[in-house]
Structures are given as structure tokens and as C-alpha cells.
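Participant: Sharing a structure, written as C-alpha cells. Questions coming.
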Amino acid sequence: MKSLLPATTHSLLNILCARPFTYTKEYASVKNYIDSEHIPTKYDRSLKKIAVYELGKDIKKSTTRSTYAKIPELYLHEFKDIACYRNIPFTDDGKIIFDGIRVIRANGEISANLNSPASIRPQPIGNNMYCYGARGTSKALYIDEPCIFADTMHHYGHHLLETVSQYWAFQRRPTYKIVLGYAFKEVPPYLLDTVAPLGLTKDSFVLQNEFTIFKKLCIPTRAYMHIQYVSQYAIDVWQKISRFYCKDPCADTPQHIYISRKNIKNRPLINEEQCEEAFKKHGFTVIYPEKLQVQEQIQFYAHATRIAGCSGSAMHNVVYSQRPETLKTLFLYPEEFASRRAYSILEGAYGRAFYSVVGTFVPNKNKPVNTVNGAWTIDIGNLNTAIEQWLEL
């Protein structure tokens with residue numbers, strides 16, 4: 001049941017400045033805490049050094065550091081009368097419950113580096129503390145049904161990796177509802193298609209306001225942390241979805257596919273059509289995922305033996321491969337594009353090397369180069385050489 005009530009018990013003043021917990025054991029020190037269930041380690045593999053290859057006329061090989069973060073012990077933490085402000089859970093004394101949110105660990109500290117607009121992102125104010133510049137609504141939405149918190153991303157690729165992977169908790173709390181991010185006005189159809197294999201329906205989700213109080217909230221440790229680690233629990237969730245839609249391991253789908261971004265306006269590859277032709281010449285089938293239903297997309301990725309494409313949401317779908325240890329991937333991306341690190345961690349989790357072809361951003365005379373969404377290009381001669389090298393592996 002949902003109801004609105006004045007924000008009195010959980011004053012927004014308490015969370016204008018917040019310090020994340022440093023250790024899970026600190027949860028027991030606050031009155032909101034109920035209990036924690038420790039989840040046994042499930043054949044998790046520590047990330048070893050990942051071989052990184054930049055293919056082309058001049059092959060470059062390097063290795064990542066052994067790991068960005070150790071795969072943590074997984075827990076299900078239960079809290080009562082817990083407040084969420086802009087999709088971040090807080091205790092009564094204003095501490096962030098970091099298990100449920102995207103964090104970047106640096107020098108032993110926990111920083112809330114969220115995938116959210118700058119206007120609502122917590123700003124560091126020193127001593128590992130963060131300040132919110134807005135007080136939000138004067139009323140809170142109260143939800144008295146037990147819920148599972150999942151830090152919801154509004155970007156398809158990040159949603160698949162970072163949010164859907166948290167639904168491992170539903171297998172242990174099947175009567176709980178799952179919380180969607182406060183910016184969602186409804187459950188997106190693509191999400192319903194994605195999570196149907198997990199036994200989730202539209203009624204499995206609850207929507208929250210900017211400021212929401214939960215009578216009982218279960219906060220799972222993240223099974224996947226961006227640019228940090230990939231837990232076997234995350235892999236199991238993605239594989240369950242894949243095997244639900246692709247039961248036939250001999251499905252009649254292309255073995256070699258190229259994922260095109262020709263129809264995507266964000267971070268356009270200027271000579272994408274030439275890239276498509278280069279892959280077609282080498283026997284690849286060109287796929288436009290945005291034109292396919294979720295089930296159709298998964299079928300292509302599940303059975304392909306080689307997948308190439310530009311860095312972006314569509315390449316996150318490689319987690320649906322049913323040949324993860326033998327799959328060969330090739331990532332095209334512009335230099336200085338930060339997400340290449342996330343892909344190398346994902347490849348390393350399956351024991352694969354990271355193969356890439358690097359392009360360049362197109363200079364803009366009037367503005368600095370946008371290394372996130374800017375237009376870029378790739379040398380076709382270099383690409384053809386890289387494809388031939390990759391196919392020999």
C-alpha cells in the first residue's frame with residue numbers, strides 16, 4: 001500500500017550531508033537495521049590480468065592491472081522505515097547504505113559516483129562526505145510492502161548490467177516487490193520482456209517518488225559493479241534470461257555478426273556504412289538491435305561465435321552468449337572513450353582477452369571534443385587489417 005505523508009520522521013535535513021558506511025558491520029549500529037543474510041560465495045573467479053589487444057596495422061598489446069576491485073561477499077541486508085532520496089537509501093542519521101548504489105572505491109573510500117544527472121548527483125565536500133543541493137519534495141511516499149532495492153539505471157546497457165544483475169535477490173525474496181528508480185513513470189516494456197524469465201511481471205515492481213520511505217527494504221550487495229567486478233550471481237541472471245529465450249543451442253542464426261550503430265544519433269560513427277561493408281566482405285551479418293524485439297536480440301547474441309561492434313549499449317548484450325568462454329569479440333571505439341575499461345572487465349570475467357580497433361573523435365572547431373557522445377571515425381584500411389588479424393585467432 002502506498003500513501004503520502006509529511007516528511008517529519010525522516011527529515012530531509014538529515015540527508016543533505018551524508019557519509020557512506022565504510023564496512024557492512026556498521027549497519028548493526030543503527031536502529032533502522034533488522035538483519036543480514038550472508039550469501040555463500042558461488043564459484044566466483046578472481047580477475048587475473050586481462051590481455052588487451054589493439055589490432056590493426058600496428059598491433060599493440062598491454063594488460064590491465066589484476067583487478068579493479070575484489071569481488072565482495074554478497075549479503076541481503078534488511079532495514080525498516082528506511083528513506084530513499086533520489087534513489088539513494090539513507091539511515092535515520094543520514095548515512096548512505098552503499099551496498100545498493102553504484103560506487104567507485106578509491107584509496108579505501110566509498111564515493112557515490114552515480115549514473116545520474118549532475119543536478120541531482122551528490123557532491124563531495126571532503127572527509128568522504130557528500131552534500132545534496134536540493135531538498136526535494138515536502139511530502140514522502142510511504143510504501144508498506146516489503147521491497148527489494150535495485151539501483152535503477154535509465155540507460156539500456158547500464159540497466160542490463162547494473163540493475164538487472166541485482167535481481168538475483170528476488171530468487172531469495174520472491175514475495176518482495178522490486179523498487180524502480182524514482183524517475184520512472186511506468187515499467188518500460190523492454191524491461192518486462194527482459195525480466196520475464198526471472199518470474200517478474202509488471203505487478204512485481206513498485207514506483208517511488210523523489211522522497212520515499214519504505215516500511216521494510218531489502219538491499220542486496222551488487223552482483224556487478226561498473227568497472228570493478230563481475231560476480232557469478234550476475235552471470236547466472238544473464239544466462240537464465242538467455243536460456244529462457246534460446247532453448248535450442250543449434251538455432252538457425254548467423255555465427256558471425258556485426259552490431260551497427262548506423263541508426264543511433266548518440267556518438268555517431270561517421271563512416272559506419274563503410275564499416276558495415278568491411279564486415280560484410282568478411283562474411284558477417286549486420287544487425288540493428290534497436291529494430292529487434294528483446295527475444296530476437298538475445299537469439300542473435302546467444303549463438304554467435306564472433307561478435308563485433310562499436311562500444312555502446314548493444315555490445316553489453318554479449319552477456320547473453322551461451323558460448324561465453326569460446327566467444328570472440330571485437331570492440332570498435334574512439335580513443336579516450338572511458339567505457340572500454342568496463343568492457344575489458346566484462347571480457348576478463350569470462351576469461352576472454354579484450355580485442356579492439358581504435359578510431360578518433362572528429363574535431364569540433366567551436367567546442368571541445370565530446371569524449372562521451374561526440375562523432376568519431378575509424379580508418380577503414382586499418383579496420384580491414386584488424387578484422388583479418390582477429391579472424392585468425
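Participant: Are there any pairs, at least 6 apart or on different chains, whose C-beta atoms fall under 6 Å, with the first in segment 184-203 and touching a residue at least 60 places away in the same chain (Cβ under 8 Å) and the second surrounded by 15 or more Cβ atoms within 10 Å (Cβ to Cβ) and aliphatic (A, V, I, L, M), and if so, which?
Facilitator: Tyr190/Val294; Asp193/Val294; Thr194/Val294
Participant: Taking interchain pairs and intrachain pairs at least six residues apart, which have beta carbon atoms under 8 angstrom, with the first residue in segment 261-272 and at positive phi and in contact (Cβ under 8 Å) with a residue 40 or more places away in the chain and the second in a loop (DSSP other than H, G, I, E, B) and of a type in the set (S, T, N, Q)?
Facilitator: Here the result reads Arg267/Asn373, each pair linking segment 261-272 to a residue that is in a loop (DSSP other than H, G, I, E, B) and of a type in the set (S, T, N, Q).
Participant: Further question: Restricting to segment 342-393, name every residue that is under 16 Å from Ala51 (Cβ atoms) and touching a Ser or Thr at 6+ places or on another chain (Cβ under 6 Å).
Facilitator: Ser344, Phe354
Participant: Go through segment 307-341 residue by residue and tally those that are basic (Lys, Arg) and either open to solvent by less than 10 Å² (accessible area, probe 1.4 Å) or touching a helix residue (DSSP H, G or I) at 6+ places or on another chain (Cβ under 6 Å) (or both). Steps first, please.
Facilitator: Narrowing segment 307-341 to residues basic (Lys, Arg): 323, 328, 340-341.
Retained after the next criterion (residues that are either open to solvent by less than 10 Å² (accessible area, probe 1.4 Å) or touching a helix residue (DSSP H, G or I) at 6+ places or on another chain (Cβ under 6 Å) (or both)): none.
Residues in segment 307-341 being basic (Lys, Arg) and either open to solvent by less than 10 Å² (accessible area, probe 1.4 Å) or touching a helix residue (DSSP H, G or I) at 6+ places or on another chain (Cβ under 6 Å) (or both): 0 in total.
Participant: Which residue is surrounded by the most Cβ atoms within 10 Å (Cβ to Cβ), if the candidates are limited to segment 282-304 and must be of a type in the set (S, T, N, Q) and in a helix (DSSP H, G or I)? So that I can check it myself, show each step before the final result.
Facilitator: Step one: of segment 282-304, the residues of a type in the set (S, T, N, Q) are 285, 293, 295, 297, 299.
With in a helix (DSSP H, G or I) added as a condition, the list becomes 295, 297, 299.
Details: Gln295: 15, Gln297: 22, Gln299: 20.
Once the filter is applied, the top-ranked residue is Gln297.
Participant: Kindly establish whether Ile259 is surrounded by 23 or more Cβ atoms within 10 Å (Cβ to Cβ) and farther than 21 Å from Ala353 by Cβ.
Facilitator: Details: surrounded by 23 or more Cβ atoms within 10 Å (Cβ to Cβ): yes; farther than 21 Å from Ala353 by Cβ: no.
It is false that Ile259 is surrounded by 23 or more Cβ atoms within 10 Å (Cβ to Cβ) and farther than 21 Å from Ala353 by Cβ.
Participant: Sticking with this one: Restrict the check to segment 118-127 and report whether at least one residue is at pLDDT 85 or above and either closer than 30 Å to Lys70 by Cβ or surrounded by fewer than 16 Cβ atoms within 10 Å (Cβ to Cβ) (or both). Show your work before the answer.
Facilitator: Quick first cut of segment 118-127, residues at pLDDT 85 or above only: none.
No: zero hits.
Participant: Condition (residue is more than 24 Å from Asn384 (Cβ to Cβ) and not β-branched (Val, Ile, Thr)) applied to segment 267-286: is it met by at least one residue?
Facilitator: Applying the first criterion (more than 24 Å from Asn384 (Cβ to Cβ)) to segment 267-286 yields none.
Looking for residues that are more than 24 Å from Asn384 (Cβ to Cβ) and not β-branched (Val, Ile, Thr), one finds none in segment 267-286, hence no.
Participant: Across segment 55-78, which residue is modelled with the lowest pLDDT among those that are out of contact with any His (no Cβ under 7 Å at 6 or more places or on another chain) and under 30 Å from Pro174 (Cβ atoms)? Explain how you work it out, then say what you get.
Facilitator: To start, the set of residues in segment 55-78 that are out of contact with any His (no Cβ under 7 Å at 6 or more places or on another chain) comprises 55-72, 74, 76-78.
Okay, now just the ones that are also under 30 Å from Pro174 (Cβ atoms), so 69-72, 74, 76-78.
Working: Ala69: 56, Lys70: 70, Ile71: 76, Pro72: 75, Leu74: 85, Leu76: 91, His77: 90, Glu78: 93.
The qualifying residue modelled with the lowest pLDDT is Ala69.
Participant: Given the criterion over 30 Å from Asn32 (Cα atoms) and in a loop (DSSP other than H, G, I, E, B), identify the matching residue among Lys240, Lys265. Before you say what the answer is, go through the steps one by one.
Facilitator: Details: Lys240 fails: in a loop (DSSP other than H, G, I, E, B).
After ruling out the rest, the residue left standing is Lys265.
Participant: For the structure I just gave you, tell me whether Lys215 is of a type in the set (Lys, Arg), open to solvent by 30 Å² or more (accessible area, probe 1.4 Å) and without any contact (Cβ under 8 Å) to a residue 60 or more places away in the chain.
Facilitator: Numbers: of a type in the set (Lys, Arg): yes; open to solvent by 30 Å² or more (accessible area, probe 1.4 Å): yes; without any contact (Cβ under 8 Å) to a residue 60 or more places away in the chain: no.
No, not satisfied.
Participant: Looking only at segment 199-209, count every residue that is over 12 Å from Ala150 (Cβ atoms) and either in contact with a strand residue (DSSP E or B) (Cβ under 7 Å, 6 or more places away or on another chain) or in a helix (DSSP H, G or I) (or both) and tell me the total. First the steps, then the outcome.
Facilitator: First, pick out the residues of segment 199-209 that are over 12 Å from Ala150 (Cβ atoms): 199, 201-203, 207, 209.
From what's left, either in contact with a strand residue (DSSP E or B) (Cβ under 7 Å, 6 or more places away or on another chain) or in a helix (DSSP H, G or I) (or both): 202-203, 209.
Within segment 199-209, residues that are over 12 Å from Ala150 (Cβ atoms) and either in contact with a strand residue (DSSP E or B) (Cβ under 7 Å, 6 or more places away or on another chain) or in a helix (DSSP H, G or I) (or both) number 3.
Participant: Follow-up question, since we're still on this one. Taking segment 191-212 on its own, how many of its residues are closer than 23 Å to Ala83 by Cβ and open to solvent by less than 10 Å² (accessible area, probe 1.4 Å)? First the steps, then the outcome.
Facilitator: So in segment 191-212, the residues closer than 23 Å to Ala83 by Cβ come out as 204-212.
Filter once more, so that each one left must be open to solvent by less than 10 Å² (accessible area, probe 1.4 Å): 206, 208, 211-212.
The total comes to 4.
Participant: Can Asp236 be described as open to solvent by 30 Å² or more (accessible area, probe 1.4 Å) and under 17 Å from the mean Cα position of the chain (by Cα)? Break it down stepwise before answering.
Facilitator: Details: open to solvent by 30 Å² or more (accessible area, probe 1.4 Å): yes; under 17 Å from the mean Cα position of the chain (by Cα): yes.
The answer is yes for Asp236.
Participant: For segment 159-190, name all the residues that are surrounded by fewer than 21 Cβ atoms within 10 Å (Cβ to Cβ), outside any loop (DSSP other than H, G, I, E, B) and at pLDDT below 90.
Facilitator: Scanning segment 159-190 gives Pro189, Tyr190.
Participant: Just to be sure before I move on: is Asn364 out of contact with any strand residue (DSSP E or B) (no Cβ under 8 Å at 6 or more places or on another chain) and either among the aliphatic types (A, V, I, L, M) or more than 18 Å from Glu336 (Cα to Cα) (or both) in the structure I sent? Lay out the reasoning, then the answer.
Facilitator: On the way: out of contact with any strand residue (DSSP E or B) (no Cβ under 8 Å at 6 or more places or on another chain): yes; either among the aliphatic types (A, V, I, L, M) or more than 18 Å from Glu336 (Cα to Cα) (or both): no.
No.
Participant: Can you name the condition, by its number, that Arg105 falls short on among (1) part of a strand (DSSP E or B); (2) at pLDDT 70 or above; (3) open to solvent by 40 Å² or more (accessible area, probe 1.4 Å)?
Facilitator: Single failed check for Arg105: (2).
Participant: Having 3 or more residues that are more than 25 Å from the chain's Cα centre (by Cα) is the bar; report the helices (runs of 4 or more DSSP H) wholly within segment 305-392 that clear it.
Facilitator: Working: elements: 313-316, 340-349, 380-391.
Once the helices (runs of 4 or more DSSP H) in segment 305-392 are filtered for at least 3 residues that are more than 25 Å from the chain's Cα centre (by Cα), what remains is 380-391.
The values are calculated or read from the model by the stated rules, or taken from the named source; none is laboratory data. What you see is a predicted model; the values in this text were computed from it and never measured. No Cβ is skipped: glycine too gets one built from the backbone with ideal geometry, and neighbour counts run over all protein chains shown. Heavy atoms of the whole protein, side chains included, go into the accessibility calculation; ligands, DNA and RNA do not. Shrake-Rupley method; radii C 1.70, N 1.55, O 1.52, S 1.80 Å.
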